[in-house]
Ligand code: G3H
Ligand code: 13P
Ligand code: ZN
């Protein structure tokens, strides 16, 4: 399937505009009808471009036919500037499969490999993807993936600015994800005053002027959601994200794609826990699923306005 037949666009024009006007295009992860609808509703309500991100495990969970059926059912128009993006692709084959399914953008994440191997696999993906006018994101540096234990930075390493020009030139990528202190999951910082490494970001930006940069692990982890989850039986104490002010600062320094998954997971769980606790007689799942969709959509819309700055940028 060609992505243009699905009304999708690749990320090239989106990112050029985002850099010129200093905002970030949101990349929200989805994995079922509710998460997809929440993102679509928010993007349409706020007139924001959006990247619909699917991880390999989310693709496996939905199944490719069901996923592409939902994208068809979303009736996306090219004017809405929506991309369908493979998040953290782990192999050349995985990226090829996504492109053949109808994805308009892929990430090849070989950042854990030695530099030369990262270049080699990324270059192969770019060569294939560009034949299909699909954009490619790759990564330099390693984010820590803290999920449930507070174990900061064990395998993480910041992006080395000395590497970026060579990597971009050798691979031909369209955007570069960098590691400046963000991390995946809900436990990102030990202290409230912990800052991202803006010195590294500034160095990268000076070496790659006007080149699209990407921030993974950038959820804000709204404390009001943590409070609701813990009040209704959850156990997520100590969860902390990236401050709005730091994310806004990053969007002024060529970060033109910000990835958010955890905030929507928290919204889904907070709304579900509350709905089930407040209405124990209910046994119609559509009631708590509707509440979850509304909450996630509100989170997306708030972040589009307050973090991404992408409202009314179509
Ligand atoms: O960056 C990773 C995303 O949060 C996706 O996570 O593989 O559990 O869908 P997942
Ligand atoms: P969060 O866990 O901070 O939402 O990051 C998501 C992400 O980077 C997806 O690629
Ligand atoms: Zn990520």
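The values are calculated or read from the model by the stated rules, or taken from the named source; none is laboratory data. Quantities reported herein were computed from a predicted structural model and do not represent experimental measurements. Cβ placement follows ideal geometry from the backbone for every residue including glycine, while neighbour counts extend to all protein chains displayed.
Examine region 118-138 for a residue that is within 16 Å of ligand 1 (Cβ to nearest atom) and crowded, with 16+ Cβ neighbours inside 10 Å, and state whether such a residue exists.
yes
Which one of 105, 111 is crowded, with 24+ Cβ neighbours inside 10 Å, in contact with a strand residue (DSSP E or B) (Cβ under 9 Å, 6 or more places away or on another chain) and in contact (Cβ under 8 Å) with a residue 12 or more places away in the chain? Write out each step before concluding.
Working: 111 fails: crowded, with 24+ Cβ neighbours inside 10 Å.
Result: 105 is the single residue among 105, 111 that is crowded, with 24+ Cβ neighbours inside 10 Å, in contact with a strand residue (DSSP E or B) (Cβ under 9 Å, 6 or more places away or on another chain) and in contact (Cβ under 8 Å) with a residue 12 or more places away in the chain.
Hey, among 26, 49, which residue is within 19 Å of the chain's Cα centre (by Cα) and within 16 Å of ligand 1 (Cβ to nearest atom)?
Being within 19 Å of the chain's Cα centre (by Cα) and within 16 Å of ligand 1 (Cβ to nearest atom) holds for just one of 26, 49, which is 26.
Would you pick out the residues in region 51-73 that are closer than 18 Å to residue 297 by Cα, touching a residue at least 40 places away in the same chain (Cβ under 8 Å) and away from ligand 3 (no atom under 16 Å from the Cβ)?
The answer is 71, and nothing else.
Can you tell me which of 228, 258 is more than 16 Å from ligand 3 (Cβ to nearest atom) and either assigned to a helix (DSSP H, G or I) or at pLDDT 95 or above (or both)?
Working: 258 fails: more than 16 Å from ligand 3 (Cβ to nearest atom).
Result of the check over 228, 258: 228.
Which members of region 292-309 meet the condition of being crowded, with 20+ Cβ neighbours inside 10 Å and more than 17 Å from the chain's Cα centre (by Cα)?
Matches in region 292-309: 292, 293, 295.
Considering 250, 301, which residue is in contact with a strand residue (DSSP E or B) (Cβ under 8 Å, 6 or more places away or on another chain), in a helix (DSSP H, G or I), closer than 25 Å to residue 13 by Cα and at pLDDT 95 or above?
After ruling out the rest, the residue left standing is 250.
What about residue 214, is it under 24 Å from residue 265 (Cβ atoms), in contact with a strand residue (DSSP E or B) (Cβ under 8 Å, 6 or more places away or on another chain), within 16 Å of ligand 3 (Cβ to nearest atom) and modelled with pLDDT of 95 or more? Steps first, answer last, please.
Numbers: under 24 Å from residue 265 (Cβ atoms): yes; in contact with a strand residue (DSSP E or B) (Cβ under 8 Å, 6 or more places away or on another chain): yes; within 16 Å of ligand 3 (Cβ to nearest atom): yes; modelled with pLDDT of 95 or more: yes.
Criteria met by residue 214.
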